[in-house]
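Okay, structure first, notes after.
The values are calculated or read from the model by the stated rules, or taken from the named source; none is laboratory data. Owing to the predicted nature of the structure, the values given are computational and were not obtained by experimental measurement. All Cβ positions, even for glycine, are placed from backbone atoms using ideal geometry, and neighbour counts span all protein chains on display.
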Amino acid sequence: MLSLSCSPARLAAAVAALAAMILFVPGTHALEEQRGEAAAIEACDKRLCTILMQKNAKGNDLHCKLTKTWARSTIKQADSHKLSWAFGDARCSVDINLNRSHLVAVLTGAGRKFFMSPHTVHCVVELDGKLENVTATLSPKIHFKDGKADKIWVNLKEVEGPAGIKATLLAAAQLADGLGLFHRQMIKAINRYVDRHCPKTYPQLIAASPPPAPSAKPDKK
């Protein structure tokens, strides 16, 4: 399962960011990107890709503190006939914590379910010329099949903020988990992140990845 950039591939794990991509879509006065946003996302991206490509269950879990600023025009690209964002620009921050061994297990076929612990996303969203605080707590769930993401749920737990924004986020989560809206795009984004983004962005990690274990052969008598 973030990812906090508009492209899930640029946000760690297409996981916490997955939810952010679905839940936050921007309005009028532009919020400026904060210094260090891109560098933090890039550093987290590399650490995540290292885990995904090397598939080594031993080592530190993934911990990243990320912030991402969206322009309204960027978020509006996610509009559909069922859901539209009527607010302004947005900036969200989240502390991503992913269990390394559980992540490796689903990628190697040793496990089928990846459940994220609750993550709280803190945002400011433009509304009627003012910046409003919004928080959303989610606990994404991703089911894997043969090492590939197969099903996903945003699993939104709680939203706090102005009524209009809160209603929009709750509707987005219901459409995603209840009706499957965005489901195909999220699954595709996760698998593309693992299979294409990481190897293309960090080809040096391919050489460092362990070769597949040879199949066991029966002893000759």
Being more than 21 Å from the chain's Cα centre (by Cα) and within 27 Å of Thr67 (Cβ to Cβ) narrows Leu138, Leu175, Leu156, Leu127 down to just Leu127
Among the residues of region 117-136, which ones are surrounded by 15 or more Cβ atoms within 10 Å (Cβ to Cβ), closer than 28 Å to Ala57 by Cβ and out of contact with any helix residue (DSSP H, G or I) (no Cβ under 7 Å at 6 or more places or on another chain)?
Thr120
Enumerate the helices (runs of 4 or more DSSP H) found wholly within region 1-104, keeping only those where 2 or more residues are modelled with pLDDT under 95 and among the hydroxyl-bearing types (Ser, Thr, Tyr).
72-75
Filter pass, Ala136 being small (Gly, Ala, Ser) and at pLDDT 90 or above
yes
Taking region 137-155 on its own, how many of its residues are β-branched (Val, Ile, Thr) and under 16 Å from Leu62 (Cβ atoms)?
1
A careful count of residues in region 130-155 that are farther than 23 Å from Leu170 by Cα and either of a type in the set (Gly, Ala, Ser) or not in a loop (DSSP other than H, G, I, E, B) (or both) gives 6
If a residue must be surrounded by 21 or more Cβ atoms within 10 Å (Cβ to Cβ) and of a type in the set (A, V, I, L, M, F, W, C), how many such residues does region 54-74 contain?
3
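Rundown of residues vs (1) farther than 20 Å from Arg100 by Cβ; (2) modelled with pLDDT of 90 or more; (3) in a loop (DSSP other than H, G, I, E, B), yes/no style:
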{"residue": "Ala173", "(1), (2), (3)": "yes, no, no"}
{"residue": "Arg184", "(1), (2), (3)": "yes, no, no"}
{"residue": "Lys200", "(1), (2), (3)": "yes, yes, no"}
{"residue": "Ile206", "(1), (2), (3)": "no, no, no"}
{"residue": "Ala213", "(1), (2), (3)": "no, no, yes"}
